[in-house]
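The block underneath contains the structure these notes are about, expressed in structure tokens.
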Amino acid sequence: MAKQLPTPGHCLLCREEVTKRTIKTHILKNHQDPDGDLRSLILVDTPYSSPYWLMLSVDPSASLKNLDDVLRGVWLECCGHLSSFFIDGEEIEMTWEEETANSGKKGASSKTNSLKSILVPGHTFEYIYDYGSTTELRLKVGEQIRMKNTGEAVSVLGMNEPPAWTCSECGKPASFHYNEEDDETVLCKECSEDPDLDDCYLLPITNSPRTGVCAYEGGRYD
Ligand SMILES: [Zn+2]
Ligand SMILES: [Zn+2]
Ligand SMILES: [Zn+2]
């Protein structure tokens, strides 16, 4: 079994340091507002051990499309790939905005499906982005609480700290993936400027489980 990685992160509401394990308790303790709106907590991470996680709060009337948009905006969107939710054995396919208009596809109406029926504490479901170079996520529904209204269907409450990467060539902090050999090479700024390298294989290191994949260059918090 893979070693469990540490999962330090912080609360985006108050900047306090938390971990994937403590974020929920932190939110329950510090950010409830009895006069606020009802929200459900959702913890997002990967089905394999990784440092990446997000804590979201969603409005009960939010749609799968709202959730898809936030996951893409924060962690995933590179070239408008397809994505799907897997909920209780059912696959619900999402398409990217630009394609949606012309899509007469079956299941297109599911995009507006309310999340309400799946917002049961303890309920887990899966999500994938891109059927080629797939990024897989796991989502777990937490408590329903009242919080100050942000006007957002889906809000990001907390996330992991960007993991540190070390340059494969010189050991300094790395900023780029180099994907020519399809290996795990990462480079610091200086080493990435080596004239023998082909620029087109360089991708910035991002704080996302999609870092270094396809053409992913970062999201809302990078
Ligand atoms: Zn906080
Ligand atoms: Zn892509
Ligand atoms: Zn280097």
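Quick check: residue separation of GLU91 and GLU184 times 0.36 nm, minus the Cα distance between them. What number comes out in nm?
Details: separation 93, 0.36 × 93 = 33.48 nm, distance 3.14 nm.
Extra length available between GLU91 and GLU184 comes to 30.3 nm.
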(message) Which of ALA62, ALA174, ALA164 ends up with the largest GNM mean-square fluctuation for the chain, with Cα atoms connected below 10 Å?
(response) ALA164
(request) Going by C-beta contacts inside 10 Å, put THR211, THR150 in order with the fewest on the left. (result) THR150, THR211
(message) Run lengths n ≥ 4 of DSSP H only: what is the helix-derived mean residue ellipticity at 222 nm for the chain, with -39500 (n - 2.57) per run over all residues, to the nearest 500?
(response) -2500 deg cm²/dmol
(request) Positive end of the charge dipole of the chain (Lys, Arg +1 and Asp, Glu -1 on Cβ, about the Cα centre): tell me which of GLY212, THR95, CYS191 has its Cα farthest that way. (result) THR95
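With 10 angstrom as the radius, rank TRP165, TRP53 by how many other C-beta atoms surround their C-beta, starting from the fewest. Don't skip to the answer; put the middle values down first.
Values: TRP165 18, TRP53 21.
Sorted ascending by nearby Cβ count, the order is TRP165, TRP53.
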(message) Tell me which of GLN32, SER63, SER84 sits at the most positive position along the dipole axis of the chain, charges placed on C-beta atoms (Lys, Arg +1; Asp, Glu -1).
(response) GLN32
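Would you mind calculating the gained length between THR124 and ASP35 on full extension (0.36 nm times residue separation, minus the Cα-Cα distance), in nm to one decimal? Don't jump to the answer; show the numbers that get you there.
Values: separation 89, 0.36 × 89 = 32.04 nm, distance 2.83 nm.
Length difference between fully extended and current span is 29.2 nm.
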(message) Which one, LEU202, SER50, LEU139, is farthest towards the positive end of the dipole of the chain when Lys and Arg carry +1 and Asp and Glu -1 on their Cβ?
(response) LEU139
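Roughly how many debye, to the nearest 20, is the charge dipole of region 8-160 about its Cα centre, given +1 on each Lys and Arg Cβ, -1 on each Asp and Glu Cβ, and no other charges?
440 debye
Bear in mind these aren't lab numbers, they're just calculated from the coordinates by the rules spelled out. Not measured: the values here are computed from a predicted model. Here the Cβ is made from the backbone with ideal geometry for all residues, glycine too, and neighbour counts use every protein chain on show.
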